[in-house]
Amino acid sequence: MAIPGRELYDDPRFFAGYRRLRETRSGLNEVLEIPALARLLPDVSGASVVDLGCGAGALARRLAGAGAAHVLGVDASARMLALARPHPG
């Protein structure tokens, strides 16, 4: 079953541009999304959380860093999940 929108992030050209935008922190995520979510989310210490549409996993990593006991990231894009996977060290 095809998931609408998945093909956008799996397109190599779009994905390369998206990745540059996130790596340079020059997008709206840093200015709007991250501060807004930080104000809305409760304390996650010890909690099990699911990040639906996790993309590259930035929120999942922030939740883990804030003390969540278990974090599961879910995304339709294989390329995004490859970025979101934990890396050793």
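Key figures
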| item | result |
| --- | --- |
| Qualifying positions in the range 5-49 - open to solvent by 60 Å² or more (accessible area, probe 1.4 Å) and aliphatic (A, V, I, L, M) | LEU8, LEU21, LEU28, VAL31, LEU32, ALA38, LEU40, LEU41 |
| So PRO86, is it open to solvent by 90 Å² or more (accessible area, probe 1.4 Å) and not basic (Lys, Arg) | yes |
| Inter-residue pairs, beta-carbon under 6 Å, first at positive phi and in the range 47-71, second assigned to a helix (DSSP H, G or I), 6+ apart | GLY55/MET80; GLY57/ALA84 |
| Qualifying position, being touching an Asp or Glu at 6+ places or on another chain (Cβ under 9 Å), at pLDDT 90 or above and exposed (fewer than 12 other Cβ atoms within 10 Å of the Cβ), among LEU63, LEU52 | LEU52 |
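The values are calculated or read from the model by the stated rules, or taken from the named source; none is laboratory data. Source: prediction; values computed, not measured. Cβ sites come from the backbone with ideal geometry, for glycine too, and all protein chains shown count toward neighbours. Areas reflect the complete protein model, heavy atoms only, side chains present, ligands, DNA and RNA absent. Shrake-Rupley method; radii C 1.70, N 1.55, O 1.52, S 1.80 Å.
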